[in-house]
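The values are calculated or read from the model by the stated rules, or taken from the named source; none is laboratory data. All values derive from a computational prediction rather than experimental measurement. When we count neighbours, we look across all protein chains shown, and the Cβ atoms used for this are built from the backbone with ideal geometry, even at glycine.
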Amino acid sequence: MENTKPSLFRTIFGMMINPGGTLKKSLFTTKWHLSVAVSAVAFGLFFGQTGFDLYKTGQKGLEFVLLTSAIGFAYGLLVIPLLGFLTWTVLKLSKGERRMKETVSAFCLSYSGALVYGALGLAFSLALGWKTSVAFGVTGVLWAIGPMIITIRELTGGRNALSIPIATTVGIAVLISWSILGNL
């Protein structure tokens with residue numbers, strides 16, 4: 001049987017549908033910088049949709065859309081990997097065996113659903129004029145919590161008592177930071 005490397009496209013959709021199986025197949029083959037790019041683009045689209053919605057209602061200017069997109073991109077590029085690193089630290093203290101690069105990569109790939117929902121939200125926003133940050137943006141981030149729980153469970157060797165609180169804390173932190181951005 002040939003051992004082929006799954007494409008990034010297949011990995012992204014696999015993380016939405018079957019995170020545990022996808023992790024086992026792609027954790028060691030997906031380059032870390034591509035994983036970080038997934039979370040960076042996902043949050044760039046998510047935060048950008050928030051800015052775009054506020055622009056459409058006349059509450060903010062076009063420069064705010066660009067600013068929120070850039071902040072989202074930076075958030076996905078820096079904060080999500082940092083949260084992955086903090087998760088790795090907790091896992092390491094609890095005798096986890098995964099390497100930091102694997103943990104950060106898997107953590108960033110958990111936001112594959114947010115990337116897909118962000119792209120769909122932008123398409124619906126541009127094509128139909130909908131305000132999509134809640135319908136698509138928040139849904140994508142919430143969708144990511146399931147794969148994140150499964151990812152962390154895989155990284156902890158199946159310990160739900162550790163996986164669920166970590167995923168819940170990270171999910172809450174992401175939603176609160178988005179809420180703060182929307183109120184700027």
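Conditions (1) in a helix (DSSP H, G or I); (2) at negative phi; (3) among the small types (G, A, S); (4) modelled with pLDDT under 85, marked per residue:
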site	(1), (2), (3), (4)
W88	yes, yes, no, no
L91	yes, yes, no, no
T103	yes, yes, no, no
C108	yes, yes, no, no
A114	yes, yes, yes, no
L126	yes, yes, no, no
S163	yes, yes, yes, yes
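Any idea which of (1) buried (at least 24 other Cβ atoms within 10 Å of the Cβ); (2) in contact with a Lys or Arg (Cβ under 7 Å, 6 or more places away or on another chain) is the one F47 doesn't satisfy?
(2)
What are the residue pairs meeting all of these: first residue in region 130-149, first residue more than 19 Å from L109 (Cβ to Cβ), second residue among the β-branched types (V, I, T) and assigned to a helix (DSSP H, G or I), Cβ atoms under 9 Å, and 6 or more apart or on different chains?
Matching pairs, first to second residue: S133/T50; V134/T50.
Would you check which residues across region 142-184 are farther than 19 Å from M100 by Cα and touching a Gly at 6+ places or on another chain (Cβ under 6 Å) and list them? Break it down stepwise before answering.
First, pick out the residues of region 142-184 that are farther than 19 Å from M100 by Cα: 142-146, 160-161, 164-165, 168-169, 171-184.
Matches in region 142-184: W143, A144, I145.
Please enumerate the residues belonging to region 57-78 that are surrounded by 16 or more Cβ atoms within 10 Å (Cβ to Cβ) and in a helix (DSSP H, G or I). Even if it seems obvious, please write down each step before you answer.
Within region 57-78, the first condition is being surrounded by 16 or more Cβ atoms within 10 Å (Cβ to Cβ), and the residues that meet it are 60, 64-65, 67-69, 71-73, 75-77.
F64, V65, L67, T68, S69, I71, G72, F73, Y75, G76, L77, listed by residue number.
Only one of (1) part of a helix (DSSP H, G or I); (2) over 14 Å from T151 (Cα atoms); (3) of a type in the set (V, I, T) is not met by T22, so which one is it?
(2)
Taking K95, is it farther than 22 Å from S179 by Cβ, out of contact with any Phe, Trp or Tyr (no Cβ under 7 Å at 6 or more places or on another chain) and surrounded by fewer than 24 Cβ atoms within 10 Å (Cβ to Cβ)?
On the way: farther than 22 Å from S179 by Cβ: yes; out of contact with any Phe, Trp or Tyr (no Cβ under 7 Å at 6 or more places or on another chain): yes; surrounded by fewer than 24 Cβ atoms within 10 Å (Cβ to Cβ): yes.
So K95 fits the description; yes.
Of these, T168, T87, which one is more than 14 Å from T50 (Cα to Cα), free of Cβ contacts under 8 Å to residues at least 40 places away in the same chain and of a type outside the set (A, V, I, L, M)?
Numbers: T87 fails: free of Cβ contacts under 8 Å to residues at least 40 places away in the same chain.
After ruling out the rest, the residue left standing is T168.
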